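Below is one structure; the comments refer to it alone.
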Amino acid sequence: MYQFKIFKVQEGGYKFELDGIKLLIDDYSISNDTHLLKTPQKAVAFFNIGDDVYGISNQPLNLNTAEALYDSIIQQYNMFNPGNNNSHGLRRTA
């Protein structure tokens, strides 16, 4: 399970953060050491580089976990931020 920082958002839903990546989701549960998205089509992932924001909607991807959505955007994040020493594969715990 990735060690996200999870915040309840005042407008509703949750914000997950890990290594510069942010996910906005409406609700989730934990199952099989993953954060299972209740309505995956509503989730978005994004990151900032300087004043620019880059993001993806999960609607066309329809990934079912926060971990899968995070993995889908981390490669893009690393391309735009090559100095980042992100080793997200080490974030999983037993």
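Where a number appears in this text, it was derived from the coordinates with a stated rule and is not lab data. In this text the structure is predicted, and so the values were computed from the model without any measurement. Positions of Cβ are backbone-derived with ideal geometry, glycine not excepted, and every protein chain shown enters the neighbour counts.
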| task | Please give, to one decimal in nm, the separation of the simple spin-label points placed at Ile6 and Gln59, each 7 Å out from Cα toward the Cβ. | result | 2.6
| What relative contact order, as a whole-number percentage, does the stretch 6-45 give when Cα pairs under 8 Å and 6 or more residues apart are counted? | 30
| field | Peptide ranges 15-24, 53-62 listed from the most packed, as the mean C-beta count within 10 angstrom indicates | value | 15-24, 53-62
| said: Under the rule a/c < 1.5 gives rounded, and otherwise a/b versus b/c splits prolate from oblate, where does the stretch 5-91 land using the Cα gyration tensor? | reply: prolate
